[in-house]
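Trainee: Right, I'll just put the structure down here and ask away after.
The values are calculated or read from the model by the stated rules, or taken from the named source; none is laboratory data. None of these values were measured; they are calculated from a predicted model. Don't worry about glycine lacking a Cβ; one is built from the backbone with ideal geometry, like all the others, and counts go over all protein chains shown. SASA here: full protein model, heavy atoms, side chains in, ligands and nucleic acids out. Shrake-Rupley method; radii C 1.70, N 1.55, O 1.52, S 1.80 Å.
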Amino acid sequence: MFTRPTVALAALLMLGAAPLAQAADKPTDPQIAHIAYTAGTIDIEAAKLAIEKSKTKEVVDFANDMVRDHETVNKQALDLVKKLNVTPEDNATSQALAKAAAEERGKLAKLDGAAFDKAYVENEVAYHKQVNGALETLLIPSASNAELKSLLETGLKIFQGHQQHAEHVAGSLK
Amino acid sequence: MTALTRPALAALALALTASPAPAETITVTIDKLVFSPASVTARVGDTIEWVNKDAFAHTATVKGGWEVIIPPKSTGKTTLKEAGAVDYFCRFHPNMRGRVAVSP
Ligand SMILES: [Cu+2]
């Protein structure tokens, strides 16, 4: 019953497709919490790889900003689910996100120097854009708990900020 | 007007320049990635203080100008040294924008 919309969301996230047909079934709050947390964890892991590999100050600074902000958002998410007594529920979207991220990390791990910087930062732009699309069109409208919705809205502003920040860094690398 | 002698005019001008308004502190609150008020007016010598209610670090950065780092759940401030209107943004989240119009 939950498979179809989450697969649709996974497809949206993977392909970065702009339009999303409003699915009849919406992800539940425990699934939304899991997806949001997973999305944050993925960005933290990519950032840690960049901190380890990059020698460009602007890239390392950006990666440190990503770790700091996403750890904060994820801590807020954990505090909230605890308070609401909600157990985040793994789902097809979270799994698809994690799988795609592992592949991307594999690609990045093989690159070095300027090629790594470029690929990491470009992926950051694309990744934040995709997550923003999912937050705006599906996750925020589907959230039923007001506090969860509010946290996702703050998360969207953070992600939008990161997208612009990543675009700025990408511009400076050229 | 003709009654005003030259020394009287000079005294008047001196009085006007010698009694500036006392410097003020203007507070801008940051909550959920929004500067409010987004736009403030101030005078040279005034201080802008940002009060950050977020758990995130922010900055108030003027391109090619000053920058204030505002740690999470903390404050940051700057004293305005130059007249003119400046737009500022958060370097970590460039979608956060504000403006300070500074009069002499
Ligand atoms: Cu900010």
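Trainee: Could you work out the relative contact order of chain A, using alpha carbon pairs under 8 angstrom and six or more residues apart, expressed as a whole percent?
Mentor: Answer for chain A is 33 percent.
Trainee: Under a Cβ-Cβ cut-off of 12 Å, what is the net charge of the residues other than A:Leu80 that fall near it, where Lys and Arg count +1 and Asp and Glu count -1?
Mentor: Surrounding charge for A:Leu80 is +1.
Trainee: Check the straight Cα-Cα distances from B:Lys81 and name the lysines below 22 Å, setting aside those fewer than 8 residues away within the same chain.
Mentor: B:Lys63
Trainee: Considering all alpha-carbon pairs of segment B:23-103, what whole percent are spaced by more than 16 angstrom?
Mentor: 43 percent
Trainee: Please compute the net charge surrounding B:Ala21, taking Lys and Arg as +1 and Asp and Glu as -1 over other residues with Cβ under 13 Å from its Cβ.
Mentor: Within the 13 Å Cβ shell, the charges total -1.
Trainee: Can you give the accessible area of B:Val44 in Å² (nearest 10), computed on protein heavy atoms with a 1.4 Å probe?
Mentor: Surface accessible to solvent at B:Val44 totals approximately 60 Å².
Trainee: Could you work out the local net charge near A:Ala143, counting Lys and Arg as +1, Asp and Glu as -1, over the other residues with Cβ closer than 11 Å to its Cβ?
Mentor: Overall, the nearby charge balance is -1.
Trainee: Go through A:Lys129/A:Lys174; A:Lys26/A:Lys82; A:Lys99/B:Lys53; A:Lys53/A:Lys149; A:Lys174/B:Lys73; B:Lys32/B:Lys77 and tell me which ones have a Cα-Cα distance over 28 Å in this structure.
Mentor: The pairs that break the limit, which is 28 Å between Cα atoms, are A:Lys99/B:Lys53; A:Lys53/A:Lys149; A:Lys174/B:Lys73.
Trainee: Continuing with this model, one more query. Would you calculate the separation in nanometres between label points at B:Lys63 and B:Thr41, each defined as 7 Å from the Cα along the Cα-to-beta-carbon direction?
Mentor: The modelled label-to-label distance comes out at 2.6 nm.
Trainee: If you don't mind, another one. Ranked from the most accessible area to the least, with a 1.4 Å probe and all protein chains present, what is the order of B:Ile30, A:Ile51?
Mentor: A:Ile51, B:Ile30
Trainee: Got a sec? Which residues in segment B:51-88 would a label at B:Ser103 touch, if it sits 7 Å along Cα→Cβ and we count backbone N under 11 Å?
Mentor: none
Trainee: Quick one: Karplus J couplings for segment A:137-146, per residue in order, coefficients 6.51, -1.76, 1.60, θ = phi - 60°, nearest Hz, x for Gly and Pro?
Mentor: Along segment A:137-146, the couplings run 8, 10, 5, 5, x, 7, 5, 9, 6, 4 Hz.
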